[in-house]
């Protein structure tokens with residue numbers, strides 16, 4: 001770690017939260033915390049299991065994980 005609060009220290013998590021904000025949070029007006037949690041849960045399921053990622057050769061994170069796990 002380079003220092004307190006340096007974005008480089010957590011770049012992958014920061015990128016994930018940026019994606020969630022722009023693809024989910026900023027597009028919806030939630031009625032309450034429960035609705036927000038449910039919606040975020042659905043979006044995270046979509047993000048990991050159905051949304052292809054260019055950095056993973058158009059695979060989902062779940063697909064990439066399973067392929068790498070069983071190649072070993």
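The values are calculated or read from the model by the stated rules, or taken from the named source; none is laboratory data. All values derive from a computational prediction rather than experimental measurement. For neighbour counting, all protein chains shown are included, and Cβ atoms are generated from backbone atoms with ideal geometry for every residue, glycine included.
Please work out which residue is farthest from the chain's Cα centre (by Cα), limiting yourself to the range 52-72 and to residues that are part of a loop (DSSP other than H, G, I, E, B) and either loosely packed, with under 14 Cβ neighbours inside 10 Å or touching a residue at least 40 places away in the same chain (Cβ under 8 Å) (or both).
72
In the range 1-46, what residues are in contact with a helix residue (DSSP H, G or I) (Cβ under 7 Å, 6 or more places away or on another chain), over 25 Å from residue 63 (Cβ atoms) and part of a helix (DSSP H, G or I)?
Answer for the range 1-46, where residues must be in contact with a helix residue (DSSP H, G or I) (Cβ under 7 Å, 6 or more places away or on another chain), over 25 Å from residue 63 (Cβ atoms) and part of a helix (DSSP H, G or I): just 7.
Quick one: what pairs do we get from the range 18-38, first residue at negative phi and modelled with pLDDT under 95, second surrounded by 12 or more Cβ atoms within 10 Å (Cβ to Cβ) and part of a helix (DSSP H, G or I), C-beta under 6 Å, 6+ apart or different chains?
none
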